[in-house]
1. Relative to the first principal axis of the alpha-carbon coordinates of chain A, what is the inclination of helix A:119-150, with its axis defined by its Cα atoms, in degrees from 0 to 90 and to the nearest 10?
2. Using amide H atoms built in the peptide plane, which far-off residues or other-chain residues are under 5 Å from B:Val91 H to H?
3. Normalised by the empirical 2.2 N^0.38 Å for globular proteins, what value does the Cα Rg of the protein assembly as shown take?
4. So what is the relative contact order of the stretch B:22-186, in percent, for Cα pairs below 8 Å that sit 6 or more residues apart?
5. Among the listed pairs A:Lys215/A:Lys252; A:Lys53/B:Lys186; B:Lys20/B:Lys76, which are separated by more than 22 Å between their Cα atoms?
6. Using the Karplus equation 6.51 cos²θ - 1.76 cosθ + 1.60 (θ = phi - 60°), what ³J(HN,Hα) coupling, rounded to whole Hz, does each residue of the stretch B:57-62 give in order, writing x for Gly and Pro?
7. Once both axes come from the Cα atoms, what is the angle between helix A:176-189 and the longest principal axis of chain A, in degrees from 0 to 90, rounded to 10?
8. Just to confirm the filter: which GluC sites (Glu not before Pro) across the stretch B:129-192 are DSSP coil and have at most 10 other Cβ within 10 angstrom of their Cβ?
Amino acid sequence: MNTVLWIVFYPFIAFFIGIMYMGYSRKFNARVERRYGPSWIQPFYDIVKLMTKRTNISHGWMHDISLLMLLGGTLATLMFIPVPGFSYFAGYGDMLVIMYLILVPSLGMALGVGETANPNGSIGISRALMMLAGYDVPFVLSFIGMGMLNHTTSMFDLIQIQQSNGIASWGIVTNPLLGLAALFALQGMLGEKPFEVYVAPHEIATGPMSEMGGKFLGIMFITHAITIFLELTIFINLFLGGAFTWIGLIVKQLIVFTLVLSVNIVFGRYRVDDAMRFMWKIPGSLALLGIILIIFQQLRS
Amino acid sequence: MKKQITQRNAWDKVLAKLTKRSLWMLHYCTGCGAIELPPTMTARFDMERFGVLPMVTPRQADLLLITGYLSIKTLKRIILSYEQMQSPKWVVAFGSCTINGGMYWNSYATIKRLDMYLPVEIYIAGCMPRPEAIIESFTKLIQRIDEGKANSWKDYYTNYDFYRKNQERVFGKIETYNDIKADGEKFDIQQP
Ligand code: SF4
């Protein structure tokens, strides 16, 4: 019974927390630029407005279905992420499942944007998939590294191992190189600058979103809110020892998110090939180095 | 004839309270007035306080800001952009050039009155209006949305023949990509 309740309400909780982070990011940017900034729940107003638009233009059924794929893929991934109080599905699917499912939303978006036949959208989506190939390398390598270090691929076991011994057993302490690589990958996954190449409002008119209006854009916003929650939680579960309570989780998420936003606000945008090269060169080699260290450790012991 | 609904119900009022806080604008920088927009957006006057945010494509925008004189060539693009926007949508016309031609009254290449071609919600008078005036117009628009009076966009659906006639007088036959009347029937848009 408890599990059923969690399955129903977990997406809503993730959505509301995610939307708070979206508001926080806009307020944060405004305050750094010495503006007063919008209200804290501005993204909520935006989503209400988008979902209650009177007209909607659909470019065919693929366009409609792709957004369901976007939202559905994100929700499916969310179910496999253990959080305090809910780890039912995490027992059935390990990190490899998450690695697969996290690709579904991008592919869904690619199908739908292709259907709208907007050149800006096509450029945007090709950049998004290129960025995906970029940040997936350090992301997957740090996944593999953590798995090798702890002899498990289950995210739930990883959390328990990290919680066994306080801060000293957190992933970021036992293997800082992998943690750093994953932090870079996180920046790319959240689409913040300097890896914001596929939104790029001044360059390609928000890329994948350029032909989306009304409810379509609303669903994209909802998905983005959930994605923020999801990706921050993955990072925390892998490297910051998960969390015992929801308060602890939110505090950790806020700290990591503030770090990401602070990088976002001071950097410009990379060119897409530069972003890709950076992702493979620096975080990629950091992660590789981390894995090599782990292999040596394990050979010696 | 169908009974016209004049009373707004409670749900509409709640929605108006929420949606008025989020207006995304597409600024069509045609005239000199556009130079007043950067200070309005950035730290000095900060229009994001009111939830007004610049957006880049017409599909996402609710607000079309027309900043100054409109040449006949630009008008055609503006009409195409306007028809791509999703309702409810509002046009804010900026500067005396859009009201009566302003100092381009004698020009052969500009139009004089914008509201012959598109339904204008709010005019900002002045040549050129200061950022305070722009902010004032946004708050005015927010107030009108709250009161349920900002319905000029419905006019384009119900009174399309008038606008189309004027547009064709300027351009001759033009090709637009949306069937406005069919859309209006599909989404059931009538004057309140
Ligand atoms: S009203 Fe004045 S400032 Fe505005 S476009 Fe016309 S001439 Fe320029």
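Where a number appears in this text, it was derived from the coordinates with a stated rule and is not lab data. Everything numeric here is computed off the predicted structure, so don't read it as measured data. Note: ideal-geometry Cβ built from the backbone for every residue, glycine included; neighbour counts use all protein chains shown.
1. 10 degrees
2. Residues meeting the amide H criterion: B:Leu64, B:Glu121, B:Ile122.
3. Working it through for the protein assembly as shown, the quotient is 1.10.
4. 21 percent
5. A:Lys215/A:Lys252; B:Lys20/B:Lys76
6. Ordered by residue, 3J(HN,Hα) equals 10, x, 4, 8, 8, 10 Hz.
7. In chain A, helix A:176-189 runs at an angle near 10 degrees to the longest axis.
8. Those that pass, being in a loop and sparsely packed, are B:Glu175.
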